[in-house]
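Have a look at the structure below before the remarks.
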Amino acid sequence: MSREAIQELWPHEGTFCYGCGKNNEHGLQLKSYWENEETVAIWTPKDHHLAFKGILNGGIIATLIDCHGTGTANATAHKAERSDDSHFMYVTSGLSIRFLRPTPIDKPVTIRARVTKISGPKITVECSLYSGKEKCATGEVYTVRVSQDAFLG
């Protein structure tokens, strides 16, 4: 697994996303890494992320999948272009989540993702969220390329 988080490669200014923004001290602080041809993130829930006793909130699950998916799209695009050009980024244009079973908060969750489609300025990413070996949720993250100036300018 790569030792540098994908999110650490993003521009410092403006990265306040609740899920993955390195400048949001109250956010989830998700960190994603390359592992061969997919990306992986391991994140530890806390008691205030509950939906019900011992169960992770569905909105938090959706946020983790969303942020890990957009991180994967961005990393894939920059890797493919072999570019340090920070003037473009991929943002969510759609999100589809399936909750397969309750996700316990008593251990870290693992999110795995891979790009399934690249079509012009759009990238689709498939994600799965696990608690231990149990797949608890899946999602597709639909992203679109935009100028960073629109969000970080």
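The values are calculated or read from the model by the stated rules, or taken from the named source; none is laboratory data. All values reported here derive from a predicted model rather than from experimental measurement. Neighbour counts run over all protein chains shown; Cβ positions are idealised from the backbone, glycine included.
A Cβ distance below 9 Å, combined with a sequence gap of six or more or placement on separate chains, defines the contacts here; from the range 1-23, residues that are within 18 Å of residue 113 (Cα to Cα) reach residues that are of a type in the set (Phe, Trp, Tyr) and at pLDDT below 80 in the pairs 20/10.
Within the range 64-86, restricting attention to residues that are among the hydrophobic types (A, V, I, L, M, F, W, C) and under 18 Å from the mean Cα position of the chain (by Cα), which residue is farthest from residue 22 (Cα to Cα)? It would help to see each step written out before you state the result.
Restricting attention to the range 64-86, the residues satisfying the condition of being among the hydrophobic types (A, V, I, L, M, F, W, C) are 64-65, 67, 73, 75, 77, 80.
If we keep only those that are under 18 Å from the mean Cα position of the chain (by Cα) too, we end up with 64-65, 67, 73, 75, 77.
Values: 64: 14, 65: 17, 67: 12, 73: 18, 75: 16, 77: 20 Å.
Here the answer is 77.
The set of residues in the range 132-153 being free of Cβ contacts under 8 Å to residues at least 40 places away in the same chain and either under 18 Å from residue 35 (Cβ atoms) or in contact with a strand residue (DSSP E or B) (Cβ under 7 Å, 6 or more places away or on another chain) (or both) consists of 132, 133, 135.
Confirm whether residue 44 is hydroxyl-bearing (Ser, Thr, Tyr), surrounded by fewer than 21 Cβ atoms within 10 Å (Cβ to Cβ), within 17 Å of residue 20 (Cα to Cα) and touching a residue at least 40 places away in the same chain (Cβ under 8 Å).
Details: hydroxyl-bearing (Ser, Thr, Tyr): yes; surrounded by fewer than 21 Cβ atoms within 10 Å (Cβ to Cβ): yes; within 17 Å of residue 20 (Cα to Cα): yes; touching a residue at least 40 places away in the same chain (Cβ under 8 Å): yes.
Taking the combined requirement at face value, the residue satisfies it.
Within the range 26-34, at least one residue is surrounded by 14 or more Cβ atoms within 10 Å (Cβ to Cβ), closer than 19 Å to residue 88 by Cβ and touching a residue at least 12 places away in the same chain (Cβ under 8 Å).
Is at least one residue of the range 61-83 touching a Phe, Trp or Tyr at 6+ places or on another chain (Cβ under 8 Å), free of Cβ contacts under 8 Å to residues at least 40 places away in the same chain and of a type in the set (Lys, Arg)?
Filtering the range 61-83 down to residues touching a Phe, Trp or Tyr at 6+ places or on another chain (Cβ under 8 Å) leaves 61, 63-64, 70, 73-75, 77.
Filter once more, keeping what is free of Cβ contacts under 8 Å to residues at least 40 places away in the same chain: none.
No; the residues of the range 61-83 include none that is touching a Phe, Trp or Tyr at 6+ places or on another chain (Cβ under 8 Å), free of Cβ contacts under 8 Å to residues at least 40 places away in the same chain and of a type in the set (Lys, Arg).
Restricted to strands (runs of 3 or more DSSP E) entirely inside the range 84-153, no element has at least 2 residues that are on the phi > 0 side of the Ramachandran plot, out of contact with any Pro (no Cβ under 9 Å at 6 or more places or on another chain) and surrounded by 15 or more Cβ atoms within 10 Å (Cβ to Cβ).
With respect to (1) more than 30 Å from residue 48 (Cα to Cα); (2) touching a Lys or Arg at 6+ places or on another chain (Cβ under 8 Å); (3) part of a helix (DSSP H, G or I), the lone exception for residue 72 is condition (1).
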